[in-house]
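J.: There's a structure below that I have some questions on.
The values are calculated or read from the model by the stated rules, or taken from the named source; none is laboratory data. No experiment lies behind these values; they were computed from the predicted model shown. Positions of Cβ are generated from backbone atoms using ideal geometry, with glycine treated the same way; all protein chains shown enter the neighbour counts. These area figures cover heavy atoms from the full protein model, side chains too; ligands, DNA and RNA do not enter into them. Shrake-Rupley method; radii C 1.70, N 1.55, O 1.52, S 1.80 Å.
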Amino acid sequence: MGYSATQFMQILPMPGTHSYPHHLPAAQAWLCDVERTMRFTLKDLLKDSRLALKKMLTKRDKWVKDWPGQMLITSSQIQWTTDVTKALVTAKEQGEKKPVRVVKRKQVSMLRKYSEAIRGNLTKIMRLKVVALVTVEVHARDVIDKLYKLGCMDVTAFDWLSQLRLYWDK
């Protein structure tokens, strides 16, 4: 899977060749179209990256190679938020913090794989992507560790609500 820059190239009409609202100068309206196209492209890339991540949860090292860094970090944070939220809901239902510990173990295991990758032979760009992702994932691990040590078992607990969480609205 992955992406190709040429997949998303779309030539937008030049100012003066498109009917824009009269209150905007043609160049400004054209730039608005460029921005809108960029947003749609990023949204599609993020959606595809998330789907690829869900299919490759146990093979994240391969997933990292296929996607741009921005998509990696965002997709990973959305997945982390989903996983921790599910663990907290399950922990509350079961009345024990074991589900949070399970998420913590998965996080540590994933970080070990990334650590092995960093020590391996990577291109400069790949190393930068993995290091950036590891930085975010280490923080995520620390948050899970804190939630576990505090005995947090509720999605409405302040310790969870005070964290930066990313969600994907369908």
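J.: Determine which single condition Trp63 fails, assuming it passes every other condition in (1) assigned to a helix (DSSP H, G or I); (2) under 15 Å from Met110 (Cα atoms); (3) over 13 Å from the mean Cα position of the chain (by Cα).
T.: So Trp63 meets the others, but not (3).
J.: So, in the stretch 111-129, of the ones that are open to solvent by less than 40 Å² (accessible area, probe 1.4 Å) and not hydrophobic (A, V, I, L, M, F, W, C), which residue ends up nearest to Ile144 (Cα to Cα)?
T.: If we take residues in the stretch 111-129 being open to solvent by less than 40 Å² (accessible area, probe 1.4 Å) and not hydrophobic (A, V, I, L, M, F, W, C), then Tyr114 is nearest to Ile144 (Cα to Cα).
J.: Residues that are among the aromatic types (Phe, Trp, Tyr), in a helix (DSSP H, G or I), in contact with a helix residue (DSSP H, G or I) (Cβ under 6 Å, 6 or more places away or on another chain) and within 24 Å of Trp160 (Cα to Cα): does the stretch 79-86 have at least one?
T.: Taking every residue of the stretch 79-86 in turn, at least one turns out to be among the aromatic types (Phe, Trp, Tyr), in a helix (DSSP H, G or I), in contact with a helix residue (DSSP H, G or I) (Cβ under 6 Å, 6 or more places away or on another chain) and within 24 Å of Trp160 (Cα to Cα).
J.: Hey, can you tell me all the residues within the stretch 83-93 that are in contact (Cβ under 8 Å) with a residue 60 or more places away in the chain and either aromatic (Phe, Trp, Tyr) or open to solvent by less than 50 Å² (accessible area, probe 1.4 Å) (or both)?
T.: Val84, Thr85, Leu88, Ala91, listed by residue number.
J.: Of all residues in the stretch 21-60, which are under 21 Å from Met110 (Cβ atoms) and in contact with a Phe, Trp or Tyr (Cβ under 9 Å, 6 or more places away or on another chain)?
T.: Leu46, Asp48, Ser49, Arg50, Ala52, Leu53, Lys55, Met56, Leu57, Arg60
J.: Which residues, taken from the stretch 66-82, are open to solvent by less than 30 Å² (accessible area, probe 1.4 Å) and closer than 15 Å to Lys104 by Cα?
T.: Once the filter is applied, which keeps residues that are open to solvent by less than 30 Å² (accessible area, probe 1.4 Å) and closer than 15 Å to Lys104 by Cα, the stretch 66-82 yields Ser76, Gln77, Gln79, Trp80, Thr81.
J.: Identify the residue in the stretch 94-110 that is in a helix (DSSP H, G or I) and open to solvent by 60 Å² or more (accessible area, probe 1.4 Å) and, among all such residues, is farthest from Arg141 (Cα to Cα).
T.: Gln94
J.: Of all the residues that make up the stretch 137-162, how many are surrounded by 14 or more Cβ atoms within 10 Å (Cβ to Cβ), among the β-branched types (Val, Ile, Thr) and not in a helix (DSSP H, G or I)?
T.: Of the residues in that region, 1 qualify.
J.: In the stretch 1-27, which residue that is part of a helix (DSSP H, G or I) and surrounded by fewer than 13 Cβ atoms within 10 Å (Cβ to Cβ) is modelled with the highest pLDDT?
T.: By that ranking, first place goes to Ala27.
J.: Which is open to solvent by less than 90 Å² (accessible area, probe 1.4 Å), at pLDDT below 85 and of a type in the set (Asp, Glu), of Asp44, Asp61?
T.: Sole residue among the options that is open to solvent by less than 90 Å² (accessible area, probe 1.4 Å), at pLDDT below 85 and of a type in the set (Asp, Glu): Asp61.
J.: Residue pairs, Cβ under 7 Å, 6 or more apart or interchain, first in the stretch 28-48 and under 22 Å from Leu166 (Cβ atoms), second small (Gly, Ala, Ser) and open to solvent by less than 70 Å² (accessible area, probe 1.4 Å). List them.
T.: Close Cβ pairs satisfying both conditions: Leu46/Ser75.
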